[in-house]
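Worksheet: one structure, shown below.
The values are calculated or read from the model by the stated rules, or taken from the named source; none is laboratory data. These numbers were taken from a predicted model, which means no experiment stands behind them. Glycine gets a Cβ as well: all are built from the backbone with ideal geometry, and neighbour counts include every protein chain shown.
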Ligand SMILES: *Cc1c(COP(=O)(O)O)cnc(C)c1O
Ligand SMILES: [Zn+2]
């Protein structure tokens, strides 16, 4: 059977088309994100034989970034075609002290994606989305962002020498506005919530003036979403091609969670990694989702045992996760239910405490989203939903320096001393 297909994404792409997550209808590879039959979201589908041909040796011989997994991605098989900051291969930090504090008796790891070039996991999705955008002929790069995506799109566009226009809610943290504006593209602050920004971008993308513009999370969203899979591949490879029994993942649209689960499925199907044996005898993994109390529509639907996700008006300090109408919420519910996981949410005070707990026990300074995930991990252990005897990976997706306000009132110098030995002794630094 033939595998040579004329693909707009390049001859060596294992992607074969787009498939509706709702009704299964299939479409050609193009800048399309919704199904013409049922308006459901589209996902990239692959030639399963092409994925199965990828070997561990090939991956290990690849570059020290996400492109080592190019055989499992829709684009980027050839270096010259990539629009990228070469993100990925971020540290997997063993977190014994944190495990002891929150009552986990098995190995606990923090996947620290703040180590990416613009300090969040968004560099992974943007590299894949913009490489697809280039292949599809777009000449301007854009996004609707809760903060980190804005940083990443602006930086990728600057590196590639392509104009960018980034849309954000006007009330984002300064640490996210400055770290976008510095790259020099257009930055549009919208007087509204993220959901307002996203709706406007969905309208703009249909206009003639934006015909040449790839919105990474709108018209090229199916490719964007695939970049998140690398957070699953990497954790498995870093554990010696073992999939962890439990993962805890922050949710905004819910996309990242569904793609880590998809990555684990692909690794098993391609024979690249093995799933652990769970206490109930089945081989698999459990996926857990974390939201904040100020924006918890997916967790609330799970707790109410419904598939109806009621949009909310987000509040609270975890702004990068503040999507009130989550596009992949339904699929996040499906993944969590199918794998036997759970979801929970954390209040602003719990998030602030958890940022400090994670920093104090692991040396990782997370943004508010990392505080959400750490706080929810502790809650899930306390409530018995997360098994304290199983190996667990907690995903930190962003950098604390971008959300300093979250903890600025809670931390500071522990001593203030004049520059003399006498003063140091008086302050208790000397006996
Ligand atoms: C965007 C983002 C997420 C979640 O992304 P989704 O795929 O939309 O669920 C998690 N953490 C951080 C820091 C983010 O910026
Ligand atoms: Zn459909």
Considering only residues of the stretch 365-397 that are in contact with a strand residue (DSSP E or B) (Cβ under 8 Å, 6 or more places away or on another chain) and surrounded by fewer than 23 Cβ atoms within 10 Å (Cβ to Cβ), which is farthest from residue 232 (Cα to Cα)?
383
Going through the stretch 101-134 one residue at a time, which ones are assigned to a helix (DSSP H, G or I), over 18 Å from residue 74 (Cα atoms) and in contact with a strand residue (DSSP E or B) (Cβ under 9 Å, 6 or more places away or on another chain)?
102, 113, 114, 115
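Given the structure, is residue 388 within 21 Å of the chain's Cα centre (by Cα) and modelled with pLDDT of 95 or more?
no
Could you list, in sequence order, all residues of the stretch 295-334 that are closer than 18 Å to residue 352 by Cα and either more than 15 Å from ligand 1 (Cβ to nearest atom) or in a helix (DSSP H, G or I) (or both)?
Listed by number, the residues that qualify are 315, 319, 320, 321.
For (1) closer than 20 Å to residue 269 by Cβ; (2) modelled with pLDDT of 95 or more; (3) away from ligand 1 (no atom under 16 Å from the Cβ), each residue gets a yes or a no:
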site	(1), (2), (3)
4	no, no, yes
7	no, no, yes
10	no, no, yes
15	yes, yes, yes
61	no, yes, yes
79	no, yes, yes
82	no, yes, yes
88	no, yes, no
93	no, yes, yes
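Among the residues that make up the stretch 92-109, is at least one of them more than 16 Å from ligand 2 (Cβ to nearest atom), within 22 Å of residue 226 (Cβ to Cβ), in contact (Cβ under 8 Å) with a residue 12 or more places away in the chain and surrounded by 24 or more Cβ atoms within 10 Å (Cβ to Cβ)?
There is no residue in the stretch 92-109 that is more than 16 Å from ligand 2 (Cβ to nearest atom), within 22 Å of residue 226 (Cβ to Cβ), in contact (Cβ under 8 Å) with a residue 12 or more places away in the chain and surrounded by 24 or more Cβ atoms within 10 Å (Cβ to Cβ).
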Testing residue 267 on (1) over 23 Å from residue 389 (Cβ atoms); (2) touching a helix residue (DSSP H, G or I) at 6+ places or on another chain (Cβ under 6 Å); (3) within 16 Å of ligand 1 (Cβ to nearest atom), one condition comes back false. Which one is that?
(3)
Restricting to the stretch 281-313, what's the tally of residues that are without any contact (Cβ under 8 Å) to a residue 24 or more places away in the chain and exposed (fewer than 15 other Cβ atoms within 10 Å of the Cβ)?
8
Please determine whether any residue of the stretch 170-189 is within 15 Å of ligand 1 (Cβ to nearest atom), over 28 Å from residue 78 (Cβ atoms) and buried (at least 24 other Cβ atoms within 10 Å of the Cβ).
yes
Out of everything in the stretch 223-257 that is part of a strand (DSSP E or B) and within 11 Å of ligand 1 (Cβ to nearest atom), what residue ends up being nearest to residue 56 (Cα to Cα)?
249
On the given criteria, is residue 260 assigned to a strand (DSSP E or B), modelled with pLDDT of 95 or more, within 18 Å of residue 398 (Cβ to Cβ) and in the same structural domain as residue 273 (by TED's automatic domain parsing)?
no
Collect the residues in the stretch 11-52 that are in a loop (DSSP other than H, G, I, E, B), more than 21 Å from residue 228 (Cα to Cα) and more than 10 Å from ligand 2 (Cβ to nearest atom), keeping them in residue-number order.
11, 28
Collect the residues in the stretch 195-230 that are more than 23 Å from residue 132 (Cβ to Cβ) and under 19 Å from the mean Cα position of the chain (by Cα), keeping them in residue-number order.
195
What are the residue pairs meeting all of these: first residue in the stretch 30-52, first residue closer than 13 Å to residue 17 by Cβ and at pLDDT 95 or above, second residue assigned to a loop (DSSP other than H, G, I, E, B) and within 16 Å of ligand 2 (Cβ to nearest atom), Cβ atoms under 6 Å, and 6 or more apart or on different chains?
35/25; 42/33; 43/21
